[in-house]
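Just so it is clear, none of the values below were taken in a lab; they were calculated from the coordinates. All values reported here derive from a predicted model rather than from experimental measurement. Using ideal geometry, Cβ is built from the backbone for each residue, glycine included, and neighbour counts are taken over all protein chains shown.
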């Protein structure tokens, strides 16, 4: 558990540097996100080797991954419309998130999110943290605590919409991992595809 707490403190520090209005302007978000996610997934591999045994990449998991990504994108599309009706600050905050990709190659960002960022985040958050907490307490508490922490590490951005997006997405992926751990491969695929879809292919 001490190792898990250490990696969470590291994740909180890295995410705060990336997203905080005070530090974000001084770093390249995409390269730092890539390095941070890969570092955390490496920690997960060192501290809890064998997570790859849960990952099955076959036609069934690919199709499930696509379906989950489409469903999550649809949830966010609806959420975006509702939030704009409820909050005047919603769209400006969303636009700030999309502003992070300005000046970057769409092809490069697609490759980073598909093959590094998306998979690495799932390996760490679900494959290591949620699994570790579920073993330490029970699967339900592990799911709830991991989902809450996943959202809170984004709070340093001072962007309510980003934090809520992390909460919703983390809830979906965490719930799927809680209910269908054998579909971990599909969850990883869905995270990677959703990242690219919502940022590059079909921005909301």
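Data for the structure
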{"quantity": "Prolate/oblate/rounded label for the range 1-105 (Cα gyration tensor, a/c 1.5)", "calculated": "oblate"}
{"quantity": "Gaussian network model of the chain, springs between alpha carbon atoms under 10 Å - residue of 118, 103, 50 with greatest fluctuation", "calculated": "103"}
{"quantity": "Cα centroid separation, the range 150-204 to the range 1-74 (Å)", "calculated": "10 Å"}
{"quantity": "Nearest 10 degrees, 0 to 90: helix 184-196 Cα axis against the chain principal axis", "calculated": "10 degrees"}
{"quantity": "Convex hull volume per residue in cubic angstrom - Cα atoms of the range 79-161", "calculated": "119 Å³"}
{"quantity": "For peptides 90-97, 121-128, 179-186, sequence by mean Cβ density within 10 Å, most packed first", "calculated": "121-128, 179-186, 90-97"}
{"quantity": "MRE, 222 nm, helices only [DSSP H, n ≥ 4, -39500 (n - 2.57), over the chain, to nearest 500]", "calculated": "-22500 deg cm²/dmol"}
{"quantity": "Cα long-axis angle, helix 29-47 against the chain (0 to 90 degrees, to the nearest 10)", "calculated": "10 degrees"}
{"quantity": "Span per principal axis, largest first, for the Cα atoms of the range 2-201 (Å)", "calculated": "42, 35, 33"}
{"quantity": "Between 0 and 90°, nearest 10: helix 59-86 axis offset from the chain longest Cα axis", "calculated": "40 degrees"}
{"quantity": "Inter-part distance where the range 120-141 and the range 81-100 are each reduced to a Cα centre, Å", "calculated": "30 Å"}
